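Take a look at the structure below.
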Amino acid sequence: MGMGMTLFMEAFVTIHMSVFVLLPLSKLISKDNSRKIFWTLFGVRIAILLFFDFFITTGIAIVDFMAVFVGAFIVTPIAMKKGVWNQKLSKQSGKEKVQTAAETVIHAPAVDETVTGGTTPPEPLPEKRIVHAEDFDPLFAMSEEDCVEGFIKREMQRAGITEEQNLIPEDMLRRKNILNAVLAVLLFVYISLLFFHFPMKTYVIGLLILVVYAFLTSRYQLIKYLKKEIRSRSQEKISNIVMNVKASMVPDYSKKLKWALMAVAVAGSLLLFSKPRIFYEQADDGYYVRFYVYGLTNMTTATIPDTYQGEKVVGLRGNTFSNMPFLSEVTLPDSITEIRGQAFKNCRSLESVTLPKNLTYLGGEAFYHCSSLAEVNLPAGLTEIRGNTFEECSSLLRIEIPDNVTRIGGHAFYGNTSLEEVVISPDSKLQQIGSSAFRCCDSLREITLPRGVSVNERAFKETPVRIDYYEY
């Protein structure tokens, strides 16, 4: 999707997202602070969309479009049930209420229209009495939120409670510590995931979750706690509530605990993955490498053993080494017979690979976008080079196709701009070359093929190559 169309679509969806999702959601989170929460959610959404649009993929617009429907079907019914759907987001000014009341003139009936035995003379009109905003406590001239906060601060001052005392209600301290513990666990998981080399969008989303959660943990403040208590005990005097809370106050050590837990989370994850780790998956004929996790002490090389728990290591599952930006060298044992799809995808620093001698299967996109890969030695037992296997390997200079290969799949060497030589022997069993297999190979000038091989009409599209055939 083009950038212009993406931005237009996101702007259009913003209207519906704001009305049917963000607005009711902000009211559900906090009726009194809904404006601030609404604009926070609005800003976070815009930041995420723009980041994905310019740095990852414009496909986020489709996700955002679907999120409106999902969010509306979930949030709107809940908001209607809670009775916050029709409430205005803006706060009504308490000053307007006071001025309206102050301008009310109190009148008594001008004439008693009841007739009992003749005409009753009208009673004299009472003197008009007009009140003004300044006749009330100045707090009443503020908005409702500020008015309540003003009364709370006044009662706190009378009770001798100050922020410098660093005291907090015991119940509130317990909640903050629980949230801090959860935040530390999330941080531990996030840092550990960095070693698992997932796609970049995974870490962006994870970071946003951490930031939002950290923001939510910082919202626990004494003033807000007292406001909540006042609303839940609306028949009780504010002074009594403040004094009751004072009696339960204890020293607030949550901030120190928060930093200590975060330090433990960081140190624990770094210690756990100080060295590379290999995760295996058992199969009938041995073990497959399910995932390779690089360690803090070694991010550039990887070595797979030929046995695990007394059995042979026979293959690599999909994405075993994918998205490892610093990996430059891999050593594989000859016991491996299969390498599944995307095994080395996006390993942009990988320079050279010698594949196992017994390898018979090489999955699609196995070396997709390995842009530093200059040399690959394919084993003689390989029978097929699947689609997209070496796509966008822009540094690959030469490739020798084993004689047992019968098919080169579509996009197998697409975009190999440095590829100068493709060696196929007269004894090759090659039967088919798929669509765009050697497309956009700018440096490939000539290639010799066995007679009888089926070449897709788009196999060498946008490649300046001359195709020759062996004579028998």
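No lab work stands behind these numbers, since they all come straight from the coordinates. All values reported here derive from a predicted model rather than from experimental measurement. In this analysis, Cβ positions are derived from the backbone assuming ideal geometry, glycine residues included, and neighbour counts consider all displayed protein chains.
A compact table of results
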quantity	calculated
Neighbour-count ranking [beta-carbon atoms within 10 angstrom, fewest first] of 369, 197	369, 197
Order of 183, 23 under a 10 Å beta carbon neighbour criterion, fewest first	183, 23
Of 36/237; 31/224; 227/258; 36/258, pairs whose Cα-Cα distance is over 20 Å	36/237; 227/258; 36/258
Values of log10 I(q)/I(0), in the order q = 0.11, 0.12, 0.13, 0.25 Å⁻¹, for segment 191-256 under a Debye, Cα-only, solvent-free model	-0.50, -0.55, -0.59, -1.09
Value at 222 nm in deg cm²/dmol, rounded to 500, when DSSP H runs of n ≥ 4 in the chain each add -39,500 (n - 2.57)	-12000 deg cm²/dmol
Simple Cβ-charge dipole of the chain, Lys/Arg +1 and Asp/Glu -1, about Cα centre, in debye nearest 20	1380
Intensity falloff of segment 3-82 expressed as log10 I(q)/I(0), Debye formula with alpha-carbon point scatterers, at q = 0.13, 0.16, 0.17, 0.21 Å⁻¹	-0.40, -0.59, -0.66, -0.92
Residues with amide H under 5 Å from that of residue 378, placed H, sequence gap 5 or more	400
Of all DSSP beta bridges in the chain, antiparallel share, percent nearest 5	30
Rg over Rh [alpha-carbon atoms, Kirkwood Rh] for segment 160-269	1.12
Stokes-Einstein D in µm²/s, Kirkwood radius over Cα pairs - the chain at 37 °C with 0.692 mPa s viscosity	112
Descending semi-axes in whole angstrom, ellipsoid equivalent of segment 259-404, from the Cα gyration tensor	29, 19, 12
Cross-link pairs beyond the 27 Å C-alpha cut-off, checked among 27/176; 201/256; 201/312; 27/256	201/256; 201/312; 27/256
Size of electric dipole in segment 3-82: Cβ of Lys, Arg +1 and of Asp, Glu -1, about Cα centre, debye, nearest 20	480
Degrees separating the helix 144-159 axis from the principal Cα axis of the chain, which is the longest one	80
Nonlocal amide H pairs with residue 405, under 5 Å, H built at 1.01 Å	429
Hz values of 3J(HN,Hα) by residue in segment 255-262 - Karplus curve (6.51, -1.76, 1.60), Gly and Pro given as x	5, 5, 5, 4, 5, 5, 5, 5
